[in-house]
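The values are calculated or read from the model by the stated rules, or taken from the named source; none is laboratory data. Here the structure is a predicted model, which is why all the values come from computation and not from measurement. Here the Cβ is made from the backbone with ideal geometry for all residues, glycine too, and neighbour counts use every protein chain on show.
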Number of protein chains: 2
Amino acid sequence: MSARSEALPAELLRTLRGIVGPAHCLVREGELFAYECDGLTLEPQRPLAVLLPSTTEEVAGIVRACRAHDVAFVPRGAGTGLSGGAQAVDRSVLIECSRVDRVLEVDAGNRLAVVQPGVVNADLSTAVASLGLFYAPDPSSQQACTIGGNVAENSGGPHTLKYGTTTNHVLALEMVLPDGETVRLGNRVGESIGYDLVGAVVGSEGTLGIVTEVTVRLSPIPAGVETMLAIFDDVVAACRAVGRVIRSGVVPAAMEIVDRRTIEAVEASVYAAGLPKDAGAVLIVELDGAPVGLPSQIDVIRTACEAEGCRAIERARDEAERKRFWRARKGAFGAMGRLAPDLYVHDAVVPRVHLPAILERVCEIADRHRLKLANVFHAGDGNLHPNICFDKRDPDELSRVMRAGREILEACTAVGGVITGEHGVGVEKRDFIHLVFSDEDLEPMFRLRAAFDPEGVCNPGKLIPTTRSCAESNPKARGYDAVPFE
Amino acid sequence: MSARSEALPAELLRTLRGIVGPAHCLVREGELFAYECDGLTLEPQRPLAVLLPSTTEEVAGIVRACRAHDVAFVPRGAGTGLSGGAQAVDRSVLIECSRVDRVLEVDAGNRLAVVQPGVVNADLSTAVASLGLFYAPDPSSQQACTIGGNVAENSGGPHTLKYGTTTNHVLALEMVLPDGETVRLGNRVGESIGYDLVGAVVGSEGTLGIVTEVTVRLSPIPAGVETMLAIFDDVVAACRAVGRVIRSGVVPAAMEIVDRRTIEAVEASVYAAGLPKDAGAVLIVELDGAPVGLPSQIDVIRTACEAEGCRAIERARDEAERKRFWRARKGAFGAMGRLAPDLYVHDAVVPRVHLPAILERVCEIADRHRLKLANVFHAGDGNLHPNICFDKRDPDELSRVMRAGREILEACTAVGGVITGEHGVGVEKRDFIHLVFSDEDLEPMFRLRAAFDPEGVCNPGKLIPTTRSCAESNPKARGYDAVPFE
């Protein structure tokens, strides 16, 4: 348990107000209410304050001031994260990045952009579209989430299959270390020199420092896009079709499966896409690239789906139809979310060959716990998203949701899978990390964290579970004390 | 300067012989001679001993024994590295990985292989070819170099343009830490959980521990390959053609330029490929993928080369012709190497737009220092390889080679480039790292290294330059003392 102060020391408040200006230092209850959690709503906690800096120097000043007063700090983007990474546990101060939101440079010749962390993901693609370029990582929240948050969580999206996750698109970073020093990692040509710390910082969930500038790779907008929708009687056959496509050597931009339970929810909602309600699953396949290369790939998809007995397969004839195909996928969270006050979007990855068996197991777990669960998933990546809708005000249901979640993760890791594909560990899965790593395997991670943040002031209580190395090597460290979650 | 013992302590020798057996513990002068350097031959240094372990447990035993006696250890693959990363500086023991050379598992369904570090790069592709798979990173030394060495140096090759370097193909690692603990990093599904330490270890040049097992991604062998050779009057036009191809959105598997000086050397050697000796440069472009998609890409290449005034452009009609096209590229080092006893293969990266100006500058530097220099380069990546042939027995010539090398790196970094693209920092470029990083930017790297190897026993004197953090945080640490190179 932390011994940190329950309130913001008055002297620190004065210093912080001096750094960002009183208007950008939120401390009143009414102002803080909106910052009690991010997309993981299970255990809200109010921050001591919310700071809205506008420059790297202000971020560094906040970090130095907080450290001097032994107050922890947590970086936050748009708060769309689903694992609690931006939650102010341990009586922390939030550093909110919405005001550091400029695109500093676009270099079309070298296909890169330098942006501040508060730039909204989709806005970057919009800003460079006229140059024929786009920013590839496309989390479902891309209309709201920020590049800084994407860097923290190493976000992916439906097009991860072809384009990879955020880490594949970050060339360089500027960051403020937990001691207030500002450093630059990586370089514009994307060759790692010395230790590749860019890779270690992407996905570190804000625990190694506060990223204040991101140099990202831009990709050429593909000249052609083809979207197909295949309807299957059962989800196992759809998974097998995905396996056939992968083995063919064709790499679609996306391969997404929506299961029967999700179809039912979507078709009963405003997202209805005209899908047959008796279908076992639909498979959405998107291909992109030079138009001349696409017809042969369409044939591969069609053959693979037909070989697995798909009931029907359609190819989008225009953008409107393409959007309709995607509606079931993109509306899944919304449709499920309307069925109950709360929605738990799970995230786990299994080797693709295990997808069919795991889906059956996940549904069995939910049924046994009497929960409403449906699956949409990045089938090409083996990345599952079981969604559970529930009411957290019902303690019994909440307890069943938590037990089911643990069983799902145990089932996935038992077949060689991992506990998160793109949502991060955060507070949500910190205590499940032993499903993937032994104490020995975690040791290098504790060493890295202690090397950057020996005093445990930078986003404490996230990513890895206990005090261990940090506390052992520095008696002042207590940021890593367990924060009760369940 | 190190205070380490000049000879192997007798008790340590007994222990090491007990671990690997006397036959696999080389200590006689005649046996050690072959291990005085790797591909960087400038400053040979004899190791105290060479150990040839055959299991992870033996590696861990060696590491623990060396550490107990404060003797440094250096991992070594095939010794083909070009930056001295496998050189036993600081009176070290070499841990040679040729006996840990098994392919432990091939999982075709999930497209991965688990290998020991001593597996030869090209042998892995041979082993999985019947499954329609290959291992993509293809350093020029791939017939000899090992996967473990590739991991240490984050090796690339001509096909880096499309496939990336080693780091893009490593999913998981087993490694022995400098304190003798064995840990596993990463996982088989390739999703980073917690801190991405796989990325930080790939390219760390054996300074964070000894890698004992590598889980690599395998790629499907492309169904079609097309190789083209374009002849230009001058190298600037060839560089511009590369820029046109990149801007078109086509991603060739490789785009390599061979300059006039290299053509002259190659055509005067056994590697003669029938290239016109008055050509300014040849550009080799390789495309791969589904055969149906290739003709339109061939048109893009042809149009780009013709728009930049290429003298002629050919498309390989068969494998024999394809090999002829590649001969000038692959024979470049050999042809240059025959002109003098020593060859210095440089390695630097510049943003592609600066390639033409940098090439002129590199040639001017060599001419001014009266050196024989020629350029072959991964033009698509902006990765230069200026090759200087010389005789190191001539102290004046050696001194001019070193001065020219420094000037080349300064010229590249002045336009935003970096000091190595694929050969690593090693001892060769350790003292040039300040051309890329400030003291502040190096600080996180010192912290990482100190966290893994506080006593400085693991491949000391490589990658980063001075004592700094390690020595400051641990008075026993002296492995990072400067080892004189120039």
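What's the total number of residues in the stretch B:154-169 that are away from chain A (no Cβ under 11 Å) and closer than 26 Å to residue A:160 by Cβ?
Residues in the stretch B:154-169 being away from chain A (no Cβ under 11 Å) and closer than 26 Å to residue A:160 by Cβ: 7 in total.
Having 1 or more residues that are free of Cβ contacts under 8 Å to residues at least 60 places away in the same chain, crowded, with 22+ Cβ neighbours inside 10 Å and in contact with a strand residue (DSSP E or B) (Cβ under 8 Å, 6 or more places away or on another chain) is the bar; report the strands (runs of 3 or more DSSP E) wholly within the stretch A:73-128 that clear it. Don't jump to the end; show me each part of the working.
On the way: elements: A:73-76, A:93-96, A:103-107, A:112-115.
Qualifying strands (runs of 3 or more DSSP E): A:93-96.
If you take the residues of the stretch B:6-62 that are among the charged types (D, E, K, R) and surrounded by 18 or more Cβ atoms within 10 Å (Cβ to Cβ), which of them is nearest to residue B:428 (Cα to Cα)?
Restricting attention to the stretch B:6-62, the residues satisfying the condition of being among the charged types (D, E, K, R) are B:6, B:11, B:14, B:17, B:28-29, B:31, B:36, B:38, B:43, B:46, B:57-58.
Restricting the remaining residues to those that are surrounded by 18 or more Cβ atoms within 10 Å (Cβ to Cβ) gives B:38, B:58.
Numbers: B:38: 11, B:58: 30 Å.
Looking at residues that are among the charged types (D, E, K, R) and surrounded by 18 or more Cβ atoms within 10 Å (Cβ to Cβ), I get B:38.
Inspect all residues belonging to the stretch B:380-394 and state whether any of them is modelled with pLDDT of 90 or more, within 11 Å of chain A (Cβ to nearest Cβ) and more than 26 Å from residue B:37 (Cα to Cα).
Within the stretch B:380-394, one or more residues are modelled with pLDDT of 90 or more, within 11 Å of chain A (Cβ to nearest Cβ) and more than 26 Å from residue B:37 (Cα to Cα).
Return only the number of the condition from (1) on the phi < 0 side of the Ramachandran plot; (2) part of a loop (DSSP other than H, G, I, E, B) that residue B:293 does not satisfy.
Of everything listed in (1) on the phi < 0 side of the Ramachandran plot; (2) part of a loop (DSSP other than H, G, I, E, B), residue B:293 misses just condition (2).
(1) touching a Pro at 6+ places or on another chain (Cβ under 7 Å); (2) at pLDDT 95 or above: which one isn't true of residue A:226, the others all being true?
(1)
Among the residues of the stretch B:352-395, write down those that are crowded, with 18+ Cβ neighbours inside 10 Å and in a loop (DSSP other than H, G, I, E, B).
Within the stretch B:352-395, B:369, B:371, B:382 qualify.
In the stretch B:130-153, what residues are part of a helix (DSSP H, G or I), more than 14 Å from chain A (Cβ to nearest Cβ) and farther than 22 Å from residue B:348 by Cα?
B:130, B:147, B:148
Mind counting the residues in the stretch B:447-456 that are more than 7 Å from every other protein chain (Cβ to nearest Cβ) and buried (at least 24 other Cβ atoms within 10 Å of the Cβ)?
Here the count works out to 3.
Of the residues in the stretch B:408-457, how many are in a helix (DSSP H, G or I) and small (Gly, Ala, Ser)?
So in the stretch B:408-457, the residues in a helix (DSSP H, G or I) come out as B:408-414, B:430-435, B:439-452.
The next check asks that each one be small (Gly, Ala, Ser); those that pass are B:411, B:414, B:450-451.
Here the count works out to 4.
Residues to consider are B:250, B:242, B:211; find the one that is of a type outside the set (Phe, Trp, Tyr) and either at positive phi or modelled with pLDDT under 90 (or both).
Testing whether each residue is of a type outside the set (Phe, Trp, Tyr) and either at positive phi or modelled with pLDDT under 90 (or both) leaves just B:250.
Which condition does residue A:111 not pass, out of (1) within 14 Å of chain B (Cβ to nearest Cβ); (2) within 20 Å of residue A:381 (Cβ to Cβ), if it passes all the others?
With respect to (1) within 14 Å of chain B (Cβ to nearest Cβ); (2) within 20 Å of residue A:381 (Cβ to Cβ), residue A:111 is out only on (2).
Of all strands (runs of 3 or more DSSP E) completely enclosed by the stretch A:182-269, which ones contain at least 1 residues that are within 13 Å of another protein chain (Cβ to nearest Cβ)?
By residue number, A:182-186, A:210-217, A:224-232.
Looking at the structure I just gave you, is residue A:288 within 14 Å of chain B (Cβ to nearest Cβ), under 24 Å from residue A:220 (Cα atoms) and among the acidic types (Asp, Glu)?
yes
Of the residues in the stretch A:170-214, how many are of a type in the set (Asp, Glu) and closer than 18 Å to residue A:124 by Cβ? Walk me through it before giving the result.
Within the stretch A:170-214, the subset of a type in the set (Asp, Glu) is A:174, A:179, A:181, A:191, A:196, A:205, A:213.
Adding the requirement that they be closer than 18 Å to residue A:124 by Cβ leaves A:174, A:213.
Selection size over the stretch A:170-214: 2.
Output the residue which, of all residues in the stretch B:270-279 that are over 19 Å from residue B:157 (Cβ atoms) and surrounded by 18 or more Cβ atoms within 10 Å (Cβ to Cβ), is nearest to the other protein chains (Cβ to nearest Cβ).
The initial filter retains those residues of the stretch B:270-279 that are over 19 Å from residue B:157 (Cβ atoms), namely B:270, B:272-279.
Okay, now just the ones that are also surrounded by 18 or more Cβ atoms within 10 Å (Cβ to Cβ), so B:273, B:275, B:279.
Working: B:273: 29, B:275: 29, B:279: 27 Å.
The qualifying residue nearest to the other protein chains (Cβ to nearest Cβ) is B:279.
Please find, within the stretch A:311-337, the residue that is modelled with the highest pLDDT out of those that are under 30 Å from residue A:294 (Cα atoms) and within 21 Å of the chain's Cα centre (by Cα). Steps first, answer last, please.
Taking the stretch A:311-337 and keeping what is under 30 Å from residue A:294 (Cα atoms), we get A:311-332.
In the following step, the residues that additionally are within 21 Å of the chain's Cα centre (by Cα) were identified as A:326-332.
Numbers: A:326: 92, A:327: 88, A:328: 83, A:329: 88, A:330: 85, A:331: 86, A:332: 87.
Once the filter is applied, the top-ranked residue is A:326.
A quick yes/no check of all residues on (1) surrounded by 19 or more Cβ atoms within 10 Å (Cβ to Cβ); (2) within 11 Å of chain B (Cβ to nearest Cβ); (3) farther than 19 Å from residue A:74 by Cα; (4) modelled with pLDDT under 95:
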| site | (1), (2), (3), (4) |
| --- | --- |
| A:416 | no, yes, yes, yes |
| A:424 | yes, yes, no, yes |
| A:429 | yes, yes, no, yes |
| A:461 | yes, no, no, yes |
| A:483 | yes, no, no, yes |
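Filter the stretch A:303-327 for residues that are part of a loop (DSSP other than H, G, I, E, B) and touching an Asp or Glu at 6+ places or on another chain (Cβ under 9 Å); which is farthest from residue A:229 (Cα to Cα)? Reasoning before the result, please.
Kept after step one, since they are part of a loop (DSSP other than H, G, I, E, B), are these residues of the stretch A:303-327: A:308-311, A:316-318.
So of that shortlist, the ones also touching an Asp or Glu at 6+ places or on another chain (Cβ under 9 Å) come out as A:309-311, A:316.
On the way: A:309: 14, A:310: 10, A:311: 11, A:316: 8 Å.
Step by step, filter the stretch A:303-327, then rank; the result is A:309.
Which of (1) within 22 Å of the chain's Cα centre (by Cα); (2) free of Cβ contacts under 8 Å to residues at least 60 places away in the same chain; (3) not in a helix (DSSP H, G or I) does residue B:340 not meet, given it meets every other one?
(1) is the only condition that residue B:340 fails.
Could you say whether any residue in the stretch B:13-22 is within 24 Å of residue B:213 (Cβ to Cβ) and charged (D, E, K, R)?
Looking for residues that are within 24 Å of residue B:213 (Cβ to Cβ) and charged (D, E, K, R), one finds none in the stretch B:13-22, hence no.
Any idea which residue in the stretch B:135-169 is surrounded by the most Cβ atoms within 10 Å (Cβ to Cβ), counting only those that are hydrophobic (A, V, I, L, M, F, W, C) and farther than 23 Å from residue B:419 by Cβ?
Going residue by residue through the stretch B:135-169, those that are hydrophobic (A, V, I, L, M, F, W, C) are B:136, B:144-145, B:147, B:151-152, B:161.
Add one more test, that the residue is farther than 23 Å from residue B:419 by Cβ, and what stays is B:136, B:144, B:147.
Values: B:136: 21, B:144: 15, B:147: 31.
Checking each candidate, the answer is B:147.
Take the stretch B:351-363 and flag every residue that is within 19 Å of residue B:435 (Cβ to Cβ) and either without any contact (Cβ under 8 Å) to a residue 40 or more places away in the chain or within 13 Å of chain A (Cβ to nearest Cβ) (or both).
Correct list: B:351, B:354, B:355, B:358.
Has the stretch B:343-350 got at least one residue that is outside any strand (DSSP E or B), under 29 Å from residue B:203 (Cα atoms), within 14 Å of another protein chain (Cβ to nearest Cβ) and in contact with a helix residue (DSSP H, G or I) (Cβ under 7 Å, 6 or more places away or on another chain)?
The first filter runs over the stretch B:343-350 and keeps only residues outside any strand (DSSP E or B), leaving B:346-347, B:350.
Subsequent filtering for residues that are under 29 Å from residue B:203 (Cα atoms) retains B:346-347, B:350.
Of the ones still in play, those that are also within 14 Å of another protein chain (Cβ to nearest Cβ) are B:347, B:350.
Filter once more, keeping what is in contact with a helix residue (DSSP H, G or I) (Cβ under 7 Å, 6 or more places away or on another chain): B:350.
Yes, some residue in the stretch B:343-350 is outside any strand (DSSP E or B), under 29 Å from residue B:203 (Cα atoms), within 14 Å of another protein chain (Cβ to nearest Cβ) and in contact with a helix residue (DSSP H, G or I) (Cβ under 7 Å, 6 or more places away or on another chain).
Report whether or not residue B:308 is in contact with a strand residue (DSSP E or B) (Cβ under 6 Å, 6 or more places away or on another chain), surrounded by 17 or more Cβ atoms within 10 Å (Cβ to Cβ) and on the phi < 0 side of the Ramachandran plot. Walk me through how you get there before you give the answer.
Values: in contact with a strand residue (DSSP E or B) (Cβ under 6 Å, 6 or more places away or on another chain): no; surrounded by 17 or more Cβ atoms within 10 Å (Cβ to Cβ): yes; on the phi < 0 side of the Ramachandran plot: yes.
Judged against the criteria, residue B:308 is not a match.
Can you say whether residue A:290 is at pLDDT 90 or above and of a type in the set (A, V, I, L, M, F, W, C), as far as the supplied structure shows? Break it down stepwise before answering.
Numbers: at pLDDT 90 or above: no; of a type in the set (A, V, I, L, M, F, W, C): yes.
Here the answer is no, as residue A:290 does not meet what is asked.
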